[in-house]
Structure formats: C-alpha cells, structure tokens
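Reviewing the structure listed below.
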Amino acid sequence: MIQFILNNKDISTNLPPGMVLLDFVRYHQHLTGTKVGCNEGDCGACTLLVGELVNNELQYRSLTSCLTPLGNVHGKHVVTIEGLNMDGLNPIQQAMYDESATQCGFCTPGFVVSLAGFCLSDKTATTQNAIAAIDGNICRCTGYKSIERAAGKVAQVMQARQSAEPTVFVSENHILPAWFAGIKQRLHLLQTELNGQLQPTSATEWVGGGTDVYVQKHDTLKDASIKFLFDDARLKGITQQGNRCIIGASATVTNLSESPVMQQYFPHLANYIKLVSSTPIRNIATVGGNLINASPIGDLTIFLLALDATLIFSNGGESRTLPLRQLYKGYKTLDKQPDEQLESISFELPGDNTVFNFEKVSKRTNLDIASVNSAICLTMQGNSIEDVRIAAGGIAPVPKLLDKTNTFLKGQPLSDATIDQAIAIAQTDISPISDARGTADYKRLLLGQLIKAHFLTVTANALR
Amino acid sequence: MKNIDAYTHVRGESIYLDDIPLIQGTLFGASFGSPVAHGTITHLDVSEAAALPGVVRIITHKDITGENQIGGIVPDEPLLADHEVHFCGMPVAFVVADSVDAARAAVKKIKVTIESLPVITDPREAQALGELIVPARTFQLGDTESSWQQCTHIFEGRADTNGQEHLYIETQGAYAVPQEHNAIKIYSSTQGPTAVQRAVSRVLGLPMHLVEVEVNRLGGGFGGKEDQANTWAALCALAAYLVKKPVKYSLHRMEDMAMTGKRHPYSADFKIGLNDDLKIVAYEVTFYQNAGAAADLSPAVLERTLFHCTNSYYIPNVKATAYSCRTHLPPNTAFRGFGGPQGMFMIESAITKAAEALGIDASVIQEKNLLQTGDEFPYGQKAQSEAPECWHKAIALYDFASMHKEVEAFNAANKWFKKGLACMPVCFGISFTKTLMNQARSLVHVYTDGSVAITTGAVEMGQGVNTKILQVAAQVFSIQPDKIKIHTTNTFKIANTSPSAASATADLNGKATLMACTAIAGRLKKMIAEELNVAMEAVALQDEYVWVNGQKTDRDWKSLVMAGHVKRIGLSEHAHYATPEIHFDATKEKGHPFAYHVYGTALVGVTVDCIRGTYTMDTVKVVHDFGASMNTAVDLGQIEGGIVQGIGWMTMEEVVYDANGRLRSNALSTYKVPDIYAVPKEIAIEFLQTPHDNLAIFRSKAVGEPPLMYGIGAYFALRKAVRAFNKNGHFPFDAPMTPEKVLMALYTTQKEGSIHAHEETINHLAVDK
C-alpha cells in the first residue's frame, strides 16, 4: 500500500509501486493538467512537485513524473497543476497570462508547476533563479522570451519573502492555496503512521531515481518487484571525513550541487552542474545511478574518474572496495556482482595546489547528453605537473581515464608544446565511434580541444 | 487582447485529445511499423500477439472496408502496407486492445519477414534513378543563358539543408467513436479536419456525411498535423468501425518521431552572376527535394520553394528547376514555411558565396538587389514591395554600421571568441498556392440573450486564430468578448474546409466571419432604420448599444437581438469567403498566386567559442511588416516563436537517418530543439505599419510562417564568425550549423571540405533504445 498526499487529498493505493506517477495522476486520478510529452524526462510537460520532510524542514523539488515510480513518493506530498489552482489566477499564472507566455498551452502546466517549485524553494528571488527552475521545460511555440518575462515577474513576487518559510509565505500571500500551510503537519502525521518501509523481500529490480531505468525499461518495471533505493537513509548524505568526501549512492545531483563541502572545494561547481541535465532530473537522478548506469558519457562518472573516486559495494553482509577506474570492463559491463549494491563513493578533496575543471560539449549546451565530456584534476609543483588525471567520455565504449596522456603529462613543464603533445597522445587513448552525437573525427578533434580548454581554464582561474 | 485560451492553459484546464473523458468500453490502439525501409513482405505473423491477454483484434490491410489509400495530392500511399514497405515505421498492422499497455505489448510480439530491397536516402540518387514523385517543374524569368555574358562575376556552388522534426509537444492522435446508422465521430489532433474526413471516408468506404471530425485544439502543429494526422484517424476509425467500440490512439513520442515525416531536406546546385555594380543579373538553381516514400504534400512544398527561390530580391533572369525525389524515408510533409525556407537558404548561400569570393559583406549585395514595388517575381506577379522599407529601417534603427564595427573590434581583440553578424531579409507570399484552397466559411449564431456562437474551419493550435476571429465578431457587433464563444472545428458544422495552414487561416476564416457578422448586423440595423424611419447608414452598433445619427439610443444589444427575433429576422448566418484576385496557371508557371506578401529584415548576431565549437545567439533585431496588427500580443508571440524555431532548424536540430533509412535522432534525447538557455539573449521587434491596402483581415498581415525565416540569418552569422577565425578554411553550405560542423569548420583547411554528419553504428550510444 502506497500512501501520500496528492494536492490536498490523502491517497492510499494498491496499484503497483513501479507504476509511474504520470500515469497515476492522469489515468487513475483523472488530473489531466499534467501532460505526456516525451516519456523520457526531456520535455518537462509532466513536471510535478514533491514535498518531503528533510531534517524537519518541508522541502519541495520538481521532478519529471514520467520517470518517477509511485514507490518514490511514498509518504510525501505530490503537487500537480490542479493543486496550484485557486479562485482566479495565482500570481504565477497571472504572470504567464499577462506576458502571453502560453500559445498552444500544452507545455504550460509544466512551466507553471516548475515556477511554483521556485516559489516553494528557498532560492534567492532573482530572475536568473526563476529561469533556472524552468530549465527542464521545453516550449515549441513561444521562443521563451515571453516566458522569461513571466519568470521575471514571478521573481518579483517572491522578493518580499526574505527569511519567511516558503510554504508559509506562499499560503499567507495568496500565491498558492492556503492549505499548503498545513502540509508540513500532515506529512509528520503520515510519516508517523507509516513508520515502516516499502521494501519487498524478493526484489528483482532496483530503482534509484529512475531517470535512466524508466527510459530503458518502462514497460517491464511497472509490474516488477522493486527495491526502492531513493529514500534509503543509509544511502544519503554528502560529508567530509578528514581530507575525503563521502557521497551516499542515493545522493542526488541536486544534493551534490547544494553540498557545502562540494561548493567549498569546487568553486566553479555551479557552472559544471548547469551542464548536467535539468533541474527536475537533477532533483531525482542519483550519483550512484550515474555510475552504475555505465553510460560512456555519464557526466558525474567523468567528474569522479578524474578525482580517482573509490566505491564501496555491499551484498548485505560483506563490503568491497573498488576504485572507480576499475569498474568498467566493457560497454555497459561492470565489475559488480548481481547482489552487490553501491553504497557510497569517496574521493580525496583537492589540496591547495590541485585544480579541477569539467568540460562538456553537446548539440545543445544545456539539458543534453555530451558528444564528448572531460574532467581534469591537476596538481602543480611550480611550473611542472606533479600529478594529473584527465578523464573523458564519448570517446570509447566506457568512460575512462586517459592513461597514456596522464602518464606522459606527469613531470612535464606546463607549456603549449606539452599540451599539444598531450593532445596528440590522447588520440591513442581513445576509440570513438560515429553516432547521433557526432562523427568519430569530430569526437577526436573535440577531445583535443577540451584538453586545450582544460589547461586554458585552469590557467585563467589560477590568475584570478 | 490576450489569447482567449490563455486562462485555461495556465490552469491546466484546456482539453487536448488525450484529455477527453473516455467513453466506457473504449479500446486502445498501437501500430506496428515496418522495421526496414524498403522491402517485400513475405510473411506477417500476428498469432502470438493476438493471443496476448487484452488484445481484441489485430488489423491489417486485408481488413480495410474501403480503399487502402490515404494519399492526398497523389494516390500513392497505402494506410497499411500490403506487399511492400517503403519506409521504416510504415504502419503494417494495428493492434486494438483493452489497455494501452496491452496494445503496446502486442506490437512487440508481431513478427514480419521482409525481403530487403535497395534503400535510397539521398534525393540526388533518387533523381538520377528517375524516382520522381511528380514531373520536374521550372520557373523562368528573362533568359539566363544569354545573360551570363553580361556578368562580371559568376559563382557556382552547392547548398544543403537538413530536415526538421516538428516536435509539437502534443503527439499525434485520434479517438474514433461509432455512432448510429453506421456513422462515425472522430476526435482528431489535426490541422485539416476535412483531410481527415476524406481519408476516413475513403478507407472505410463511407460517404463523407457519415464522418464527423471534431477538433478542439492542438498542442502544436507547425504543419506536422496538416496531412499526417490522417493515418492515425483512419486507423482508429477503421478499428472502431470493425469492432463497434470506441478506439483511441495517442502516439508515444518515439512512434511519432519514427513514423511521421518532417520538413524536407533539400540539396541544390546554384549559379549566380553579378555585374560590376553587384546587381544580380542571373540566377540558376536546381533543387533536389527529399520527398520521402510518398507524395504527401511534397508537390505543393516544391512549388513554394520555386515561388520563394529569389527571396526578397529582384533578379531579371532566373531559371529555377525543382525535382521532388522519392526516397525511402517517412513521407516528408508541411512544416512552417512549406518549402519557402529551403528556397531562401539557397539564394542566400549563393549571395554569400559571391560575397566571400569578392571579399565584401553579403549585406552589400543583399541591399543592392532588394525588390522594389513593380518588380516582377519569376512567377509573373508584380511586387507591392516593403523590402527596402524594412531593410533601411532596420539598418538605421538598430545602427547596423555600429553593430558591424563592434563585431570587428571584438574579433580583433579576442583570439578564442569570434562574433558574426548577418542580415536576413524575408519575403513570403500569403495564400495557398493552390487557388481553390483559398476559401472559407463561418457559421455565426446570435442567441436571443445576445450571446454569440461562432464555428469556422480554423483550427486553434496556439497561433491565436480563434482570438482573432472573436475580435472580428466583437468589433462588428461592438460587444464585449465574453459574449462570444468560438466553438470546436467540426466537419458537420463547416464543410469542405481548407487546413489551418499557409498563414492564411485568420485571413480566410476571419473574412468569412466578418461577412457573416456584417450580414446579421445589417439585418438588425435595417430593422431599426425601418422602425425609426431613418437611413440605414444612420444606424450604428457601438459599445453594446444602438446609435442613431451619432446619438446613443436606449436600445442595448440584448434587446435589439430579442426585437429582431420577435420580428422573425434571421439571427444566424453561414458566410462564404473566397480570396479575390488570385490565380495561377501551372502550364505557364505564371500568375498572381498570392493575395499579398509579407516582408521584413532581421539582423542576427552570434558569438562562437573557437576552442569548443559552441556558440551563443546574441541578438536578433527585426523590422517586420505587420500591415496593421490586430493583436500585437499574439503577433509578437508568433514572431518570437518563429525566429527561435528557425534558429533551431539552422543550428542544433539535426535529423539523422542512417544509410538503412532508420531514424537515429528518434527521441528528445537525440533530437534537440532550443531550450530556454539556447534562445537569443535579445529579440527586438519593430513594427513596420504599412499604409497600403491589402487583402488581410482588418489589414493585419499574416504572421504565422514569415518570421521562421529570420532564423536563416543564424546560419550565415555563424559562418561569418567561423571565417573570422579560420580565414583560409573552406567549408560547404550545409545547414544545420551544429557545434560539430562549427568545430570542424573552425579547424578545416581543405579546399572543398565536405563535412557531413553520418552514422556508422549505434552500439555505444548511451541511450540506445
């Protein structure tokens, strides 16, 4: 039995926990404001909000309901466009209306829901942040300029919030329905009542955030027996222990970007994360999922390879430690037993002489999958390279460290000649293929350019 | 006035096809598409699929009660493949089951054996083999042959544009409900209700008066639902007719992308000659249109390519030939611009090729050759040109000279970033080029409480046509908009409609509505005139009251209507409008096919990151010929949206088929349209309020398609930025200018480099679905 609050209504359902939330709200609750656009998290027409208690704070996140199983909203608050409607238009809807930010209207509920997510967050009320909240919503009609203007107005509405709790502010100021003020209490009660887990004993499938498995195996997962990893408290959290950072396997990309540790040691983290999918996907996609998915172009995989991360697996009894660089045996094949579960990832935080950079080029800069991505972790001693790890994706069947290149670079002086030579050697590290993301020739050229970009960027950053 | 649908849109209360409450007993369809692009079906086995729980029936071509044919212009397209398949995704069987999941599961169990036949994906190859959809067409003005000797500069070249996926966010779909007396009602997400009615009638073997097609609204169309909604409607209708149950089919995105056609890719050879003064003396162009496996609307698209092959320029000697080439891709179809953009891209490429060779800015040639009023188009119509006005206003208003200088200064100062700036004038003809389609009807009822209901042939798909039609009625009756309701588009209420297309929907249906409302208002005014014994001209309707001789009376709209009813005056009208003046003789390829033209000029600025090959759209500054806009909110939205869609076509949107004709860019993860971060930082739009009378509704010129072509400027701006970095590089005119093509061009030094994205294998693709 799955229980949650849907808008202002308590839900208890015996429907399969593997069913996606989108199907549940549209075809079982007949809330048709949430639209089906792409079924793979790439358009945002099905965006919903999910609220949950985190450290006694009510925290709302947007997500793509086409990729979210019911099991991942157990004990939470789900908000659809219908849950945002009041008498007349709310200020978000009014802004969209006034700016003519809707044409065919099919994507519109998704935009309104995403903007409501901005209003329910503790983000500073800037236009830039409001626009960031809709970075996962595709509109084919307007050209977005009118939506940008509407987002600006929504940001203005939120400027008065100051330090007030978002849920309280939006309900008191008639931005969202008044009943939002009571949700926190209701979630407390619900959690006390549930006081248990939703874990079948004989699961055949494991699901974290669902952002990849629900694209690949949508049809089979619906009725499968699923172990839900997303809300497993033991797999959450990003902490610092000594000079190492420990990331729980179910930490989301959003958790990563908001982590004080990560922000401290990676001053340009926000720029990198902006290149990784979109807000609603980052809210549910897990770090562990990105690694285990074994995509040759997983952004966080490349990021963590350059940091020489270490993985801890558990089969329920024993634990095993494995360097990430040894995980990938071939295309989508892993050094991992079927009963082993990734528990955490750790890596050494960069020291004073170590710099890091992440590069990604795709057809569309944001919300796209890389043609080639690459990360560098570079430790300098004076003008010579003491240690370096360059990792790259999209250039081989697996995401990988460029071993020959890295070996060559160690001990070299940092010069244009060194970089040119490294780029030439990198060509022997890789075996790209032509596919929808680019020809092999392009990927070869691009990797070289990204290596050049790494050095130009770290040098420029060092000068600042 | 805001779009009348905006209120329910922002609340999620607008009803689209998939939102219609289901009738009990509704079954669900899913189609099985051919796994190969070309071959002969030797065996089709549906037994395993049919045995699955929930499967009600599996329909093949043998079950068709009428004719297995949905081709509109040319009867060359079976609904369900019989013995041959012509493209990957061509429907072979249609599963009907009691749930969507059951239908889709069954599709996966259908087995087909197909003997493969050679696959053609390249239109030039098709043309060489004589695989043409219709005979070649040639437009001619003057004589190019004898003109070359007058030219100081002659350049030849080739240019290519790729296709474009419509990516309406609402996928295709239909819901068919059997009615009594063998009739059938079909809810369809279509731009062409009559096209659906005709296709269903033909496939089922039912007369058209038994086929009711109803359209509430579309979640985007862009041309993709002009002809290609027919397939799904016909499949659902056939199934519903056979099993006597309602049948619904709302396509999965990947089915939609794989099974439907797109904007036509074109390849072209051009030759352009200029005199000492940089006047274009002669232009020859040969177009190879990639039509796909069936005609669909390709012959009409081809025609518009020819109509727009000289864009905004006057060229005294033109010879333009176009081939519609049959390949084994899904039949390509209408897409905003309808062949016009491809024609314009080629002439802009020719001009740019000349400018690059001569070492001058393309804008110098563009400006010298702009159409003047009275100039003749290659198809014989004389221009009422606003091209120079738009151009000169844009150049002055936005200070093109300063923009140009800033770009040069930036490029001199920056090694790794380069800017490019291009001008893109646009001239687009308004009217269906098939003259008979330029007619429309409107049915207006005034009820005795003063409320007004209107039905027209127009389909609302976000373009705001219903808002404009409502404005027409509100203006004629001089009543508040909330007294008027625009009803669904329905073939039982309005017959023989033209599709909502060609930017002409508001003009045609608005004019018909204007006529209907004027007729009713006229009868009411006549009644008052007789009653008060004044001249009819002395009676006016204003602000919901009757005015006589400029004086407000105490008779309000509601009591006027009631009085009319009491006097047995007709309060309903069904009006018919046909665009006057237009004609075209296809045997001579001459005539006056367009009611009017829309003009404009855009200045497009970009910045290229020369290390990564990525780029940003900095600015698009436009002067656009609105005539006299009747709804600026709607019209500005059309322009901004059109520009971004055009930029998408020219930059990141890349339709990739492999050599076997299989779509590789088959999902939103592999086909990218602009997101909010990809759009120009600035879009400025200035109105050119043109004083001339025209055939537009209330002189408010059509605005749907023309702005898309401003986006073409993005390609040429990117090209300039790349050439600022790589002065010696040569690279082909080949759109879209993806980051891949930009990077390759930045670092190419070959004389005639050929940079084509292609595909070897997909095995390593991260989302290999």
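Every number in this text was worked out from the coordinates using simple rules, so none of it is lab data. Worth saying up front: this structure is predicted, and the values here are computed from it rather than measured. Note that we place each Cβ from the backbone using ideal geometry, even for glycine, and neighbour counts take in every protein chain shown.
What the table below lists for this structure:
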read-out	value
Theoretical ellipticity at 222 nm over the protein assembly as shown - DSSP helices of four or more residues, -39500 (n - 2.57) apiece, nearest 500	-8500 deg cm²/dmol
Sequence-distant aspartates and glutamates (8 or more away, or on other chains) whose Cα lies within less than 18 Å of B:K588	B:D143, B:E303, B:E376
Net charge dipole size for the protein assembly as shown [Lys, Arg +1 and Asp, Glu -1 on Cβ; Debye, nearest 20]	540
Distance in nm between pseudo-label sites at A:T407 and B:V243 (7 Å out along the Cβ direction from Cα)	6.3
Considering only chain B, percent of DSSP beta bridges that pair antiparallel, nearest 5	75
Hits among aspartates and glutamates - C-alpha to C-alpha of A:K35 under 13 Å, sequence gap 8 or more where chains match	A:D23, A:E82, B:E13, B:D18, B:D19, B:E170
Within region B:174-276, percent of DSSP bridges classed antiparallel, to nearest 5	65
10 Å Cβ neighbours from other chains, averaged over peptide A:94-103	6
Nearest-20 debye value, region B:439-578 charge dipole, Cβ charges on Lys, Arg, Asp, Glu	300
17 Å Cα-Cα reach of B:K701 towards lysines, excluding residues that sit fewer than 8 places from it in its own chain	B:K468, B:K511
Likely footprinting exposure, B:D227, A:D403, fewest C-beta neighbours within 10 Å first	A:D403, B:D227
Calculated FRET value between B:Q372 and B:Y447, using beta carbons and R₀ = 41 Å, to 0.05	0.20
Burial ordering of B:F222, B:F716, B:F377, fewest other beta-carbon atoms within 10 Å first	B:F377, B:F716, B:F222
Restricting region A:382-422 to trypsin sites (Lys or Arg not before Pro) in coil, as DSSP defines it, with at most 15 other Cβ within 10 Å	A:K410
Length added when fully stretched, B:E48-B:N726, from 0.36 nm per residue minus Cα-Cα	238.1 nm
Among A:I147, A:L21, A:L187 - extreme Cα towards positive end, dipole of region A:1-196, charges at beta-carbon	A:I147
Dipole moment magnitude, nearest 20 debye, region A:233-463 about Cα centre, only Lys, Arg, Asp, Glu C-beta charged	480
Viscosity 0.890 mPa s, temperature 25 °C, Stokes-Einstein D of the protein assembly as shown from Kirkwood C-alpha radius, µm²/s	77
Point-to-point label distance, A:T127-A:Q191, nm (Cα→Cβ direction, 7 Å offset)	3.8
Span from the region B:644-679 Cα centroid across to the region A:250-284 one, whole angstrom	27
Estimated FRET transfer efficiency (A:Q162, B:W416; beta-carbon r; R0 45 Å; 0.05)	0.60
Cα-projected label distance for B:H153 with A:T333, points at 7 Å along beta-carbon direction, nm	6.0
Over 20 Å (Cα to Cα) - which of A:K329/A:K452; A:K145/B:K393; B:K720/B:K741; A:K360/A:K452; B:K271/B:K353; A:K336/A:K360 fall in this group	A:K329/A:K452; A:K145/B:K393; A:K336/A:K360
Degrees separating the helix A:108-119 axis from the principal Cα axis of chain A, which is the longest one	80
Dipole of the protein assembly as shown [Lys/Arg +1, Asp/Glu -1 at C-beta], most positive-end residue of B:Q384, B:A136, B:S498	B:S498
Fewest-first ranking of B:I643, A:I433, A:I134, using other Cβ atoms within 10 Å as the exposure measure	A:I433, B:I643, A:I134
Region B:473-532-region B:24-69 distance, computed between alpha-carbon centres (Å)	44
Dipole of the protein assembly as shown, positive end: most advanced residue of A:G37, A:L450, B:N438 [Cβ charges, Cα centre]	A:G37
Added length on full extension, which subtracts the Cα-Cα distance from 0.36 nm per residue, A:D308 to A:S431	42.1 nm
Integer Hz, Karplus 6.51/-1.76/1.60 couplings in order for region B:274-287, x for Gly and Pro	10, 8, 4, 8, 6, 7, 6, 8, 8, 9, 10, 8, 10, 9
